[in-house]
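What follows is a set of notes on a single structure, which appears directly below.
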Amino acid sequence: MISLDEAVTARLESHGERFEVLVDPDAALAIKRDEFDGELENVIAAEDVFENASRGDRPPENALEEVFETTDPLEIIPAVITRGEIQITADQRREMKEQKRKQLINQIARNAVNPQMDDAPHPPERIESALTETDFRIDPMEPVESQIDDALDALRPVIPIRFDTVTVAVQVPPDYAGSAQAKIREFGELEREEWQPDGSWIGVIEFPAGMQNDFYDHVNEVTSGNAETQIIQDENALDTR
């Protein structure tokens, strides 16, 4: 379950009765769009249905039976969300907006590069600063993923930016290969790998281009700085990092 501070109220008025449930705002929107695939118990603040959630008042059971044909809260909660309205306060809206803004900036930073600087990653701070120069406005009620394209359109007149992936070959010496390769392969999509006769490991990993610095830090950490990396630009050329 989530805390009450994280929850918003979904409200349905039907048959002269009011029904309220307390739920995570993002999960409520996903349920309303029929896109939720998680566990309901993890995204609600109370396994209960209220007449007035702020006072803790509950509707009569016969009203639940009449409207929902059940008294089971886990069956009623999604119905209230789907058929009702999601209520958020001004403070909750501001908090949701700020959270979505941070998520959006991090998503763009993970995937974006500067095409005028040899596809170097854009730090989140640069993206945040540039975003403040645009007229783009975060919609706290929409998923971050659906707002990325509009944010990029707003950013392009301010900074050179595009989404890309990068493919990097990593060679790990024998002393670190056993444990390090397992951690390195989890960073992105492993395109191919080879174990060398001396026990060293070579892997080719593809991941979002904006995560290059994080990737090199990760490789250095798990190999104590003893790995070699190369950016693969095409099948016939390598750009040594």
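The values are calculated or read from the model by the stated rules, or taken from the named source; none is laboratory data. Everything numeric in this text was worked out from a predicted model, so none of it was measured. With ideal geometry, Cβ positions are generated from the backbone for all residues, glycine too; neighbour counts draw on all protein chains shown.
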For this session: Looking only at segment 181-195, decide whether some residue is surrounded by fewer than 19 Cβ atoms within 10 Å (Cβ to Cβ) and touching a residue at least 40 places away in the same chain (Cβ under 8 Å).
Result: no
Exercise. Tally time: how many residues in segment 143-164 are under 30 Å from ALA27 (Cβ atoms) and either touching a Leu at 6+ places or on another chain (Cβ under 8 Å) or of a type in the set (S, T, N, Q) (or both)?
Worked result: 9
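Okay, residues lined up against (1) touching a Phe, Trp or Tyr at 6+ places or on another chain (Cβ under 7 Å); (2) of a type in the set (Gly, Ala, Ser); (3) modelled with pLDDT under 95:
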position	(1), (2), (3)
VAL23	no, no, no
ASP26	no, no, yes
LYS32	no, no, yes
ALA79	yes, yes, no
Exercise. Does segment 143-152 include one or more residues that are surrounded by fewer than 16 Cβ atoms within 10 Å (Cβ to Cβ) and either in contact (Cβ under 8 Å) with a residue 60 or more places away in the chain or not assigned by TED's automatic domain parsing to the domain that holds ARG101 (or both)?
Worked result: yes
Problem set entry | Sole exception among (1) touching a His at 6+ places or on another chain (Cβ under 9 Å); (2) closer than 17 Å to ILE231 by Cα; (3) not acidic (Asp, Glu) for GLY188, by number | (1)
Exercise. How about segment 123-141: which of its residues are exposed (fewer than 13 other Cβ atoms within 10 Å of the Cβ) and charged (D, E, K, R)?
Worked result: GLU125, GLU133, ASP135, ARG137
Seminar exercise, completed: Checking PHE215, PHE187, PHE207 in turn, the sole residue that is within 24 Å of the chain's Cα centre (by Cα) and part of a loop (DSSP other than H, G, I, E, B) turns out to be PHE187
For this session: Hey, can you tell me all the residues within segment 103-119 that are among the charged types (D, E, K, R) and in contact (Cβ under 8 Å) with a residue 12 or more places away in the chain?
Result: ARG110, ASP119
Seminar exercise, completed: GLU133 passes all but one of the listed conditions (1) farther than 25 Å from ARG18 by Cβ; (2) modelled with pLDDT of 95 or more; (3) touching a Ser or Thr at 6+ places or on another chain (Cβ under 9 Å); (4) not polar (S, T, N, Q); the exception is number (3)
For this session: Just name the residue that is surrounded by the most Cβ atoms within 10 Å (Cβ to Cβ) out of those in segment 42-88 that are β-branched (Val, Ile, Thr) and free of Cβ contacts under 8 Å to residues at least 12 places away in the same chain.
Result: THR71
Exercise. Farther than 22 Å from LEU40 by Cα, in a loop (DSSP other than H, G, I, E, B) and without any contact (Cβ under 8 Å) to a residue 12 or more places away in the chain: does that describe ASP135?
Worked result: no
Exercise. Of the residues in segment 7-30, how many are of a type in the set (Asp, Glu), buried (at least 18 other Cβ atoms within 10 Å of the Cβ) and in contact (Cβ under 8 Å) with a residue 40 or more places away in the chain?
Worked result: 2
For this session: Of all residues in segment 36-61, count the ones that are over 13 Å from ARG18 (Cα atoms) and assigned to a helix (DSSP H, G or I).
Result: 3
Seminar exercise, completed: Conditions (1) assigned to a strand (DSSP E or B); (2) more than 23 Å from MET141 (Cβ to Cβ) -> GLU20 fails only (2)
For this session: Within segment 25-32, identify whether any single residue is more than 30 Å from ARG137 (Cβ to Cβ) and either under 19 Å from the mean Cα position of the chain (by Cα) or in a loop (DSSP other than H, G, I, E, B) (or both), and answer yes or no.
Result: no
